[in-house]
Amino acid sequence: MKSKDRNYFKILRAGINTTYQDLGRNNLYHIGIPFSGAMDKRNFQLLNSLLQNDYNSPVLEFAYQGPHLKYFGKDIFFCISGNVSFKIITKEGVIDGNSYQCYLLKNGDEVDIHSTNKSVYGYFSINGTFGVDYYWGSCSINTQAQIGPNNGNKFSKDLEIEIIEINNSFNKRKLDYLGSTIENIRVIKGTNYDYFSESSQNKFFKESFKITKLSDRMGMRLEGPKIENVVDPNIKSEGLVKGVIQITSAGDPIIMLSDHGTIGGYPKIATVISADYDRLVQLTPGSNIKFKDVSLKDAETLYKLYQMETNNLISQIK
Amino acid sequence: MIKNILNLGDAALYCDFGSDVNQEINSNVIKYFYHIKKLNLKGITNLTPSYNKLIISYDLNIHSFLSLKKKIENIEIKENNKLETKLIEIPVCCDNNFALDIKRVENKLKLKSEIILEKFFSKNYFCYMTGFVAGMPFLGDLNQEMRLKRLETPRVKVPKGSVGITEQFCNIYTFETPGGWNILGNTPQNIFDTSNQSNPNLVNPGDTIKFYRITLDQYNEIKR
């Protein structure tokens, strides 16, 4: 391709953990490959809706500090979702951007994504399609198993992000949305709940846990009152799912997230409900978490409500 | 054959086949796994067979726990359904650079390294499941006198290709990952092939593995 025909971003700074994500890959747990996909599915969905892209189009996911990108090509729109501070640098000057709003980029313009605010993940995309390779039906990068585009690695400086298609009939759109926070993380009791002493069961729900720095796309390690196991600190290794809370031999909870190992041998005290997963992953290291017990039936209803809320937000985009 | 179905969170069935770990129970898990996989049911997002459990993840927009549970309970599987499995031979080099824990294993089992390795290579192993990381096979069973616990402190990085033992099981590290198994050697063979998307796993549940010992020269030859 002649360079003047190309539309692409050059990465001036990669950010801490910038990857391609979509909705992830299914039906591969049995060979050891997790779902992956965008951590915060609501913000992923909102972004593709804002940009009028296909619902499963690839986006850039970043954590904490995002990338600094320089654009080369014909006019394009971009949008960012999540609670994110970023600047748009053009020949006319520098402006602060707002999430959930679309902005025009011309050849040579830059987007500098400083940070996510009081949250972990943010998303960036354009009114068009990034040139990505698909692995088992998904372009999600799983850096742990080195699966996905860019040889399964996170983005690095000087890499170029190709755009293979621009939607020319696009109209600028926006959404007034401040994000969604939550007081307690709701869980369903786990299959090994009775492995733990009664006082530890009480502590698990009454006291709060601190999210440690040992948290990433694979899992979230918590610190707090020790959870005492009175049966066996290990179980026969078995399958895990997103949101499962295992208690390690040391008595600390660890929550499995989207890139988690598919099999584990620690007892499961609880599982985070699907309705609260997007908000769980946005909690930053150092903040506190409190768990609340709900029934399976309530969890199913809460998920439906959460989906309705998301669809409602999508309908408010204009 | 499924003893009991519980929920694991709000989007997965937890099918219990019994509390023991043996090949009979595990073969039942594997039969169910392949059977359900073939049915290609809409809204099933993952199936995870393990020693004695099968976890079925589903899309909450399509199924609820009770309705899917009923569907799974109504599945009939013929007991004499034969599994299609294969025998796979895998070379392992036990050079000192690879046998990271041979000294520890000698001490714990109170056996000389040559005896340990002789016993290890004298048996075929059954693949109970694959996972944790992509393609990692969980194999068994080791002879009674070969069983020991994991390392007290897991390694932060176990080299790719490492062959380890713990309790009645052995495994192969398909990627460099943290891990606590006792490492006896290393295979130059690629166990998980990302570029082969239709069949990335060399070893699948139900298969039988025969390890055979190779020299460092042979190892380097295969690696080349």
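A:THR262: net charge of surrounding residues, Cβ under 13 Å, Lys/Arg +1, Asp/Glu -1, itself excluded? Walk me through the numbers before you get to the answer.
Details: positive: A:ARG25, A:LYS242, B:LYS53; negative: A:GLU238, A:ASP259.
After counting each charged neighbour, the total is +1.
Using Stokes-Einstein with the Kirkwood hydrodynamic radius over Cα pairs, what translational diffusion coefficient do you get for chain B at 10 °C and a viscosity of 1.306 mPa s, in µm²/s rounded to a whole number?
This corresponds to a translational diffusion coefficient of 84 µm²/s.
Treat the count of other C-beta atoms within 10 Å as a stand-in for reagent exposure and order B:ASP59, A:ASP232 from fewest to most.
By the 10 Å Cβ count, ascending, the order reads A:ASP232, B:ASP59.
Mind checking which lysines have their C-alpha under 22 Å from A:LYS91, skipping anything on the same chain fewer than 8 residues away?
In chain and number order, the partners are A:LYS4, A:LYS10, A:LYS70, A:LYS74, A:LYS106, A:LYS172.
Give me the Kirkwood hydrodynamic radius of segment A:1-160 in Å, from all C-alpha pairs, to one decimal place?
Working: mean 1/r = 0.0633 Å⁻¹.
It works out to 15.8 Å.
Find the eigenvalues of the gyration tensor of the Cα atoms of segment A:185-314, then list the square roots of 5 times those eigenvalues as equivalent ellipsoid semi-axes, largest first, in whole angstrom. Can you show the working numbers first?
Details: eigenvalues 113, 50, 45 Å².
Semi-axes, largest first: 24, 16, 15 Å.
Determine, for B:TYR219, A:TYR134, A:TYR55, the number of other Cβ atoms within 10 Å of each Cβ, and report the residues in order from fewest to most.
The most exposed by this proxy come first: A:TYR55, A:TYR134, B:TYR219.
Could you compute how fast segment B:59-122 diffuses translationally, taking Rh as the Kirkwood radius over C-alpha pairs and applying Stokes-Einstein at 10 °C with viscosity 1.306 mPa s? Give it in µm² per second. Walk me through the numbers on the way to the answer.
On the way: Rh = 17.1 Å.
Taking Rh from Cα pairs, D becomes 93 µm²/s.
Run the helix sum for chain B: -39,500 (n - 2.57) per DSSP H stretch of 4+ residues, divided by residue count, reported at 222 nm to the nearest 500 deg cm²/dmol. Can you show the working numbers first?
Values: 5 runs with 51 residues, N = 224.
Helix-only estimate at 222 nm: -6500 deg cm²/dmol.
For the pair A:ASP298 and A:ILE95, what calculated FRET efficiency results from E = 1/(1 + (r/R0)^6), where r is the Cβ-Cβ distance and R0 = 60 Å, to the nearest 0.05? Could the numbers behind the result be given before it?
Values: r = 45 Å, r/R0 = 0.74.
In this case the efficiency is close to 0.85.
Whole Å is fine, so just give me how far the alpha carbon centre of segment A:215-266 lies from that of segment B:114-162.
Comparing the Cα centres of segment A:215-266 and segment B:114-162, I get a distance of 22 Å.
Only four residue types carry charge here, +1 at the Cβ of Lys and Arg and -1 at the Cβ of Asp and Glu. Report the dipole size of the protein assembly as shown about the Cα centre in Debye, rounded to the nearest 20.
Dipole about the Cα centre, nearest 20: 280 debye.
Mind giving me the FRET efficiency for B:GLU89 and B:ASN199? R0 is 25 Å, r the Cβ-Cβ distance, nearest 0.05 is fine.
0.90
Under the rule of -39500 (n - 2.57) per DSSP H run of 4 or more residues, summed and divided by the residues of chain A, what mean residue ellipticity at 222 nm is obtained, to the nearest 500 deg cm²/dmol?
Roughly -4000 deg cm²/dmol at 222 nm, from the helical runs in chain A.
Can you list the lysines whose alpha carbon is less than 23 Å from that of A:LYS304, not counting same-chain residues fewer than 8 positions off?
Within reach: A:LYS41, A:LYS189, A:LYS242, A:LYS290, A:LYS292, B:LYS42, B:LYS69, B:LYS70, B:LYS71.
Cβ under 11 Å from B:THR177's Cβ, B:THR177 left aside: what net charge do those residues give with Lys, Arg +1 and Asp, Glu -1?
Every neighbour counted, the sum reads +2.
Quick check for me: using +1 on Lys/Arg Cβ and -1 on Asp/Glu Cβ, what's the dipole size of chain A about its Cα centre, in debye to the nearest 20?
440
Taking +1 at the Cβ of each Lys and Arg and -1 at the Cβ of each Asp and Glu, which of A:SER36, A:LEU51, A:THR19 sits farthest along the dipole of segment A:6-107 towards its positive end, judged by Cα position relative to the Cα centre?
Of the listed residues, the answer is A:THR19.
If R0 is 51 Å, what FRET efficiency do you get for B:SER19 and A:LEU159 from their C-beta distance, rounded to 0.05?
0.55
By how many degrees, between 0 and 90 and to the nearest 10, does the Cα long axis of helix A:41-50 differ from the longest principal axis of chain A?
20
Set Lys and Arg Cβ to +1 and Asp and Glu Cβ to -1, take the dipole of the protein assembly as shown about its Cα centre, and tell me which of A:ASN107, B:ILE44, B:PHE33 lies farthest positive.
A:ASN107
For chain A, modelled as a Gaussian network with Cα springs under 10 Å, which listed residue fluctuates most, A:ASN48, A:ASN27, A:ASN167?
Maximum fluctuation in the GNM of chain A, among the listed residues, is at A:ASN27.
Projecting each Cα onto the charge dipole of segment B:87-223 (Lys/Arg +1, Asp/Glu -1 at the beta carbon, about the Cα centre), which of B:VAL156, B:LEU139, B:PHE126 comes out farthest on the positive side?
It is B:VAL156, whose Cα lies furthest towards the positive end.
What does the charge dipole of chain B about its Cα centre add up to, to the nearest 20 debye, if the Cβ of each Lys and Arg holds +1 and the Cβ of each Asp and Glu holds -1? All intermediate terms of the calculation are to be shown ahead of the outcome.
Numbers: 29 positive and 24 negative charges, 29 e Å.
Result for chain B is approximately 140 debye, rounded to the nearest 20.
Computed from the coordinates by the stated procedures, all read-outs in this text should not be read as laboratory data. Treat the numbers as computed from the prediction; the structure is a model and nothing was measured. Virtual Cβ from ideal backbone geometry, glycine too; neighbours counted across all protein chains shown.
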